[in-house]
1. Under 5 Å between amide H atoms, partner at least 5 residues away or on a different chain: which partners does ASP140 have, H built in plane at 1.01 Å?
2. Taking the number of other C-beta atoms within 10 Å as the exposure measure, put ASP140, ASP65, ASP171 in order starting with the fewest.
3. Through the Karplus equation 6.51 cos²θ - 1.76 cosθ + 1.60, θ set to phi - 60°, convert the phi angles of the range 16-27 into ³J(HN,Hα) values in whole Hz; use x for Gly and Pro.
4. May I ask you to derive the FRET efficiency for LYS18 and GLU128 from their Cβ-Cβ distance with R0 = 41 Å, giving the value to the nearest 0.05?
5. What residues from the range 135-157 fall in the zone where the backbone N is under 16 Å from a label point 7 Å along the Cα-to-C-beta line of GLU53?
6. With the crude spin-label approximation of a point 7 Å out along Cα→Cβ, what separation in nm comes out for LEU29 versus GLU143?
Amino acid sequence: MNQCTTRPPPAQYKVKNKNPLPKGHFSVLLHESKRYIGQSRYLNEEQNISRHEASICFYPENQVDEEERQVIGKIEYTLINRSRIYNAKDGDTIDNFWMSCDAISQELERMCSTLFNEDGDVRNPALEEYIGTGDIVYLDSIELDVKWRGYGIGLLALDGLIGMLPSFEMDSIIVHPAGLTSEAHRNQLKATGIPPAVEFAATQAKLIAYYRLLGMVEWTPRNADYKLLGMWTGLRLPRIEQIVPHLF
């Protein structure tokens with residue numbers, strides 16, 4: 001079977017934070033977004049590739065009022081309405097998909113050029129069913145305040161985000177498990193003496209294992225320098241209650 005479509009069996013997240021988890025419940029709050037409509041602006045704005053942010057929130061036990069909400073982290077992601085691009089909606093065409101991604105960020109262009117050719121077609125035939133015409137969420141980052149790390153809350157939040165996206169049932173989630181930033185590399189080198197490449201590889205391996213818990217698999221060759229993980233929501237995915245049962 002192709003590694004791009006072979007899914008790992010469900011596994012549980014291993015809690016790393018030794019402090020008791022505060023009692024309460026969590027939510028994901030999508031930030032306001034807008035879309036230009038009509039001839040006056042929409043052809044001059046990138047409509048089908050857009051950056052978004054969602055807050056990860058905690059409500060103390062027995063508190064449901066919004067004023068009691070604590071923002072403990074955030075998810076940054078890019079929504080690619082590839083189905084509209086494929087059908088030449090809003091002035092976009094599949095031929096300029098690379099250019100559109102590059103206008104957003106270099107990282108997004110790298111993702112695009114890795115998975116798609118210059119004509120916007122999928123390079124790997126095994127992925128055609130998943131990213132041929134469906135929409136894509138490219139996960140830019142998940143961040144949590146230090147005291148909330150090590151419980152698997154990021155996995156819970158990402159699963160909640162996917163559930164909130166309209167009609168996101170036959171589409172793809174893609175992430176580049178980037179590990180540490182260059183600045184973090186320099187700080188780590190000063191603190192530990194470990195070369196950045198070694199630290200990056202170790203951190204990336206942990207991130208790959210982390211995202212695989214949700215059902216993501218490698219969509220680039222295992223020996224590739226630039227790795228992408230992905231999952232198609234049309235497949236049967238592990239239930240989040242199985243992955244982080246301690247959060248239920």
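Bear in mind that the values in this text are calculations on the coordinates, not laboratory data. Note that the structure is predicted; figures quoted are calculated from it, not measured. Using ideal geometry, Cβ is built from the backbone for each residue, glycine included, and neighbour counts are taken over all protein chains shown.
1. Answer set, sorted by chain and number: GLU76, TYR77, THR78.
2. Numbers: ASP140 18, ASP65 7, ASP171 24.
In increasing order of surrounding Cβ atoms, one gets ASP65, ASP140, ASP171.
3. 10, 7, 7, 7, x, 6, x, 7, x, 9, 10, 8
4. Details: r = 45 Å, r/R0 = 1.11.
The pair LYS18/GLU128 has a calculated efficiency of 0.35.
5. 140-145
6. So the label points at LEU29 and GLU143 sit 1.7 nm apart.
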